[in-house]
Amino acid sequence: HVTQLFTPRWVVEFLLHNSLGSFWRELHPDSALAFAWLVEPPETRQVERKRCCEIRVIDPACGTMNFGLVAGELLHAMYREEMDRAGGTGWPAEPSVRRDREIAQSILRNNIFGTDIDPLAIDLARAALQIKFRLDAQPMNLSCGDALFPKNTAASGAEFDVVVTNPPYLSSRNLQNDRVGSLKRAYPRA
């Protein structure tokens, strides 16, 4: 497949530090977490306060979940910081979880979402997350489908705080005509 490219880890880190990391800094300007790849400190703006378990990150073309694995690492650090600072000014009164061993399960249940058109990629994404978080048979927010035309996918009807993905590398001249027509009708200004 022409569009099945694997994003190098440093690119994934850069994108997540500047999306998820930046969002965390907006929620908690006094955060002690270091985001090595942050381009510049985010502008201060009013954002709705959220507990860590309420932050939703989606990769609408997740493949084997490169972005989800790195997002999980960042989220783990965020959960730990929230546990340490809960009750302080600007932090939730109660942390999302009370113990370290609850973090992985909460991340998979509440934070990371992925959709892909390739069922094998979804199976590999599930396995990668299970290995990363050392959890077996954990429910995950992964679905097989087309995120551009969501129907019973992780993306359908949901709102997310962070959307991060690899862009498609396929030009319209290499797509089927009916697909190009559907895209033009659904996204006329794109």
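The values are calculated or read from the model by the stated rules, or taken from the named source; none is laboratory data. The structure displayed is predicted, hence computed values, not measured ones. Cβ coordinates were reconstructed from backbone atoms using ideal geometry, including for glycine residues, and neighbour counts include every protein chain displayed. All accessible areas refer to the heavy atoms of the entire protein, side chains included, with ligands and DNA or RNA removed. Shrake-Rupley method; radii C 1.70, N 1.55, O 1.52, S 1.80 Å.
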| request: Select from segment 58-88 the residues that are assigned to a helix (DSSP H, G or I), farther than 17 Å from ASP116 by Cα and open to solvent by 20 Å² or more (accessible area, probe 1.4 Å) and list them in ascending order. | output: GLU73, LEU74, HIS76, ALA77, ARG80, MET83, ASP84, ARG85
| query | If the Cβ limit is 8 Å and pairs must be 6+ apart or interchain, which residue in segment 122-141 that is in a helix (DSSP H, G or I) pairs with which residue that is open to solvent by 50 Å² or more (accessible area, probe 1.4 Å)? | reply | ILE122/CYS144; GLN130/ASP136; PHE133/GLN105
| request: Hey, could you check segment 3-34 for residues that are more than 18 Å from ASN66 (Cα to Cα) and either open to solvent by 90 Å² or more (accessible area, probe 1.4 Å) or assigned to a loop (DSSP other than H, G, I, E, B) (or both) and say which is modelled with the lowest pLDDT? | output: ALA34
| Residues of segment 142-151 being in a loop (DSSP other than H, G, I, E, B) and open to solvent by less than 50 Å² (accessible area, probe 1.4 Å), which ones? | GLY145, ASP146, ALA147
| field | Count of segment 92-118 residues which are in contact (Cβ under 8 Å) with a residue 12 or more places away in the chain and either in a helix (DSSP H, G or I) or buried (at least 20 other Cβ atoms within 10 Å of the Cβ) (or both) | value | 18
| task | Kindly provide the set of residues from segment 120-159 that are at pLDDT below 80 and within 26 Å of LEU183 (Cα to Cα), ordered by number. | result | ALA147, LEU148, PHE149, PRO150, LYS151, ASN152, THR153, ALA154, ALA155, SER156, GLY157, ALA158
| message | Out of everything in segment 35-57 that is within 27 Å of GLY145 (Cβ to Cβ) and in a loop (DSSP other than H, G, I, E, B), what residue ends up being modelled with the lowest pLDDT? | response | LYS50
